[in-house]
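*Asks:* Sharing a structure below in C-alpha cells format, with a few things to ask.
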Amino acid sequence: MRSLLAVVIATALMFGANEWGFWPATPLVGALLVVVTPTTRRAVGLALLSGVIGWGLPLLLMTGDAEIVRLAEVLGGILGIGGQVGTIIALALPSLIGGLLGLSAAWIAGAVKGVVVRPSVQSATEFGRTTLHR
C-alpha cells in the first residue's frame, strides 16, 4: 500500500512538472524515492514505473487529438520506421526516456546511500565491538 502511494505521488509530481516544462523533476523525484522506500531495489522499480506513467500520461491524454498522431507518424518516418509501428515507437519514446530518467536517478541515489550509510554502520561494528558479540 505504501509503494502504491509512493508511485501515485511520484507520478503526479512528474506529470505536473512536465506540464510546466520542468523535466529535471523526474530524476529528482526518482532520487527522492530512494529516501522514502525501504529498499533501493524497490525504489528503482517504482522510479521506473513512475517515470513511464508520468511521461506517458500526457501523450495518452493527447492521442485523442489527431495532430499528435500525425506528428508521431512524421517522427516515425524521420526515424526510418514507417506505418503504425513507427507511430507507436514515436509515441513510446518519451515514456521510455521518462522511465530511464527516473530509474537512473534512483540507481545513483541508491549507490550513494549505500556508500554513505553503510560505512557508519560498519565502523561501529569494527573489531568485534557490537552489542551482540559477548
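A short reminder: the numbers here are calculations on the coordinates, not readings from a lab. Values in this document were obtained by computation on a predicted structure and should not be read as measured data. We place every Cβ from the backbone using ideal geometry, glycine too, and count neighbours over all the protein chains shown.
*Asks:* Output the residues belonging to segment 3-26 that are closer than 18 Å to residue 109 by Cβ, surrounded by fewer than 22 Cβ atoms within 10 Å (Cβ to Cβ) and of a type outside the set (A, V, I, L, M, F, W, C).
*Replies:* 3, 24
*Asks:* Here is a further query. Do any residues in segment 26-49 that are more than 15 Å from residue 2 (Cβ to Cβ) and in contact (Cβ under 8 Å) with a residue 60 or more places away in the chain have Cβ atoms under 8 Å from those of residues that are part of a helix (DSSP H, G or I) and hydroxyl-bearing (Ser, Thr, Tyr), where the two are at least six apart or on different chains, and which pairs are they?
*Replies:* Cβ pairs passing all conditions: 27/104; 29/50; 30/50; 30/104.
*Asks:* Can you report the number of residues in segment 27-55 which are surrounded by 20 or more Cβ atoms within 10 Å (Cβ to Cβ) and not hydroxyl-bearing (Ser, Thr, Tyr)?
*Replies:* Going residue by residue through segment 27-55, those that are surrounded by 20 or more Cβ atoms within 10 Å (Cβ to Cβ) are 27, 29-34, 37, 43-44, 46-48, 50-55.
Subset that is not hydroxyl-bearing (Ser, Thr, Tyr): 27, 29-34, 43-44, 46-48, 51-55.
Matching residues across segment 27-55 total 17.
*Asks:* Could you tell me whether any residue of segment 49-63 is touching a helix residue (DSSP H, G or I) at 6+ places or on another chain (Cβ under 8 Å), of a type in the set (Phe, Trp, Tyr), under 14 Å from residue 100 (Cα atoms) and not in a helix (DSSP H, G or I)? If you could, list the steps in order and put the result at the bottom.
*Replies:* Just the residues of segment 49-63 that are touching a helix residue (DSSP H, G or I) at 6+ places or on another chain (Cβ under 8 Å), to begin with: 49-59, 62-63.
Among the residues that remain, those that are also of a type in the set (Phe, Trp, Tyr) are: 55.
Now drop any that are not under 14 Å from residue 100 (Cα atoms), which leaves 55.
After this cut, where a residue has to be not in a helix (DSSP H, G or I) as well, the list is none.
No; the residues of segment 49-63 include none that is touching a helix residue (DSSP H, G or I) at 6+ places or on another chain (Cβ under 8 Å), of a type in the set (Phe, Trp, Tyr), under 14 Å from residue 100 (Cα atoms) and not in a helix (DSSP H, G or I).
*Asks:* What are the pairs with Cβ atoms under 7 angstrom where one residue, in segment 69-96, is touching a residue at least 24 places away in the same chain (Cβ under 8 Å) and surrounded by 14 or more Cβ atoms within 10 Å (Cβ to Cβ) and the other, located anywhere, is in a helix (DSSP H, G or I) and among the hydrophobic types (A, V, I, L, M, F, W, C)? Sequence gap at least six, or different chains.
*Replies:* So the pair list comes out as 91/59; 91/72; 94/55; 94/59; 95/52; 95/55.
*Asks:* Which condition does residue 80 not pass, out of (1) over 15 Å from residue 103 (Cβ atoms); (2) not in a loop (DSSP other than H, G, I, E, B), if it passes all the others?
*Replies:* For residue 80, the exception is condition (2).
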